[in-house]
Amino acid sequence: MAKLSASVFTSHVPAIGAAIDNGKTGDDYWKPLFAGYEFAKRWVAEQKPDVVILVYNDHASAFDSNLVPTFALGTGAEFQPADEGWGPRPVPSVKGHPELASHIAQSVIQDEFDLTIFNTLDVDHGLTVPLSLMFGQPIEWPCKVIPLAVNVVLYPPPSGKRCYALGQAVRRAVDSFDEDINVQIWGTGGMSHQLQGPRAGLINKEFDSDFLDRLVIDPVGLSEVPHIDYMRLAGSEGIELVMWLVARGAMDKEVAEKHRFYHVPASNTAVGHLVLENKQDS
């Protein structure tokens, strides 16, 4: 049977991708940030996941106000990097796992989550930057990737509680997949940041630190935090953090924290990063 063994959480700031693509990771501004991912790069090379379920949000590259799915799962065989206005990132295409993705879709929909299914979709920095942070610049990504897009761009986004419950449903689906594969789930986005308006540039280290603590030890309580608190305390884009609750919901209640990293600023965003393993697997 498939085994969901671990989760990775990371911000997906587009400027991080640009720094990687343009050979600037050793620059004074960027070097401390990339140093914080060295543990995770070694760890994931040792763990060798067969499939990563990658929870991210599209930034109006594929979805816009004409079509706003709350949750959308990619069941296709391949997904191309999106052109976000300056050409696609020079990264490999993303190879999917249609069999597991279709199984998840069947299981989760029968579990009363109304997923949108996509077979063809270009994926933007929300998905490709986390892959670059963890795997560097390979010719091909070393694992299959199942995109799971969450709407956190246009109102109304899903609640943290609903995201956590979706993660639990995804875990049940993975546990019932009849193939011996190692699966990880990654939650991306955040942390505190606001890109526009009078509070542009907002970063709240205290909020971010508390979020990281509670994600590990009190995810159920954290899932009850209302939207308005994210907006008020973490900025208008801080709501992206509900996507981390999808990944945490797919993990065991008790987890082992293998690595934590926090860095400000990256562009105008607080960068957070966690690696968690289910205790029985750590």
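The values are calculated or read from the model by the stated rules, or taken from the named source; none is laboratory data. Because the structure is a prediction, the values reported are computed rather than measured. Virtual Cβ from ideal backbone geometry, glycine too; neighbours counted across all protein chains shown.
Sort through E84, E38, E78 and tell me the only one that's among the acidic types (D, E) and in contact with an Asp or Glu (Cβ under 7 Å, 6 or more places away or on another chain).
E84
Could you check, for region 105-112, whether at least one of its residues is under 18 Å from the mean Cα position of the chain (by Cα) and either buried (at least 17 other Cβ atoms within 10 Å of the Cβ) or on the phi < 0 side of the Ramachandran plot (or both)?
Here is the first cut: in region 105-112, the ones under 18 Å from the mean Cα position of the chain (by Cα) are none.
Checked against the condition, which is being under 18 Å from the mean Cα position of the chain (by Cα) and either buried (at least 17 other Cβ atoms within 10 Å of the Cβ) or on the phi < 0 side of the Ramachandran plot (or both), region 105-112 yields no hits at all.
One residue is enough: does region 188-200 have a residue meeting the conditions modelled with pLDDT of 95 or more, closer than 18 Å to A6 by Cα and in contact with a Leu (Cβ under 6 Å, 6 or more places away or on another chain)? No, there is no match, as no residue in region 188-200 is modelled with pLDDT of 95 or more, closer than 18 Å to A6 by Cα and in contact with a Leu (Cβ under 6 Å, 6 or more places away or on another chain).
Yes/no matrix, rows are residues, columns are (1) among the small types (G, A, S); (2) over 28 Å from R172 (Cα atoms):
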position	(1), (2)
S61	yes, yes
N66	no, yes
G76	yes, no
R89	no, yes
Q106	no, no
T120	no, no
V123	no, no
W141	no, no
V145	no, no
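Of everything in region 142-169 that is among the hydrophobic types (A, V, I, L, M, F, W, C) and in contact with a helix residue (DSSP H, G or I) (Cβ under 6 Å, 6 or more places away or on another chain), the residue that is surrounded by the fewest Cβ atoms within 10 Å (Cβ to Cβ) is A169. Scanning region 71-87 for residues that are in contact (Cβ under 8 Å) with a residue 12 or more places away in the chain, out of contact with any helix residue (DSSP H, G or I) (no Cβ under 7 Å at 6 or more places or on another chain) and of a type outside the set (G, A, S) yields E78, F79, Q80, D83.
A quick yes/no check of all residues on (1) among the aliphatic types (A, V, I, L, M); (2) free of Cβ contacts under 8 Å to residues at least 40 places away in the same chain; (3) closer than 25 Å to A2 by Cα:
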| residue | (1), (2), (3) |
| --- | --- |
| D213 | no, yes, no |
| V216 | yes, no, yes |
| R232 | no, yes, no |
| V271 | yes, no, no |
| L274 | yes, no, yes |
| Q280 | no, yes, yes |
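Of note, P32 satisfies the criterion of being outside any strand (DSSP E or B), touching a residue at least 60 places away in the same chain (Cβ under 8 Å) and surrounded by fewer than 19 Cβ atoms within 10 Å (Cβ to Cβ). Within region 50-70, residues that are farther than 20 Å from L245 by Cβ have Cβ atoms under 7 Å from residues that are part of a strand (DSSP E or B) and basic (K, R) in these pairs: D50/K144; V51/K144, counting only partners at least 6 apart in sequence or on another chain. Per the listing V242, V264, the residue uniquely touching a strand residue (DSSP E or B) at 6+ places or on another chain (Cβ under 8 Å), buried (at least 24 other Cβ atoms within 10 Å of the Cβ) and within 30 Å of Y155 (Cα to Cα) is V242. Scanning region 170-207 for residues that are polar (S, T, N, Q), crowded, with 18+ Cβ neighbours inside 10 Å and under 16 Å from A234 (Cβ atoms) gives T188, S192, Q194, N204. Evaluation of I217 against the conditions (1) buried (at least 17 other Cβ atoms within 10 Å of the Cβ); (2) farther than 22 Å from P130 by Cα shows that the sole unmet condition is (1).
Filtered by the rule that a residue be touching a His at 6+ places or on another chain (Cβ under 6 Å) and at pLDDT below 95, region 237-267 gives a lone residue, E237.
Restricting to region 39-58, count the residues that are assigned to a loop (DSSP other than H, G, I, E, B) and buried (at least 16 other Cβ atoms within 10 Å of the Cβ).
Count: 4.
Restricting attention to region 1-15, report how many residues are within 15 Å of the chain's Cα centre (by Cα) and in a helix (DSSP H, G or I). Total satisfying the criteria: 1.
Considering only region 99-118, I want to know if a residue exists there that is modelled with pLDDT of 95 or more and more than 25 Å from M1 (Cβ to Cβ). Yes; the residues of region 99-118 include at least one that is modelled with pLDDT of 95 or more and more than 25 Å from M1 (Cβ to Cβ).
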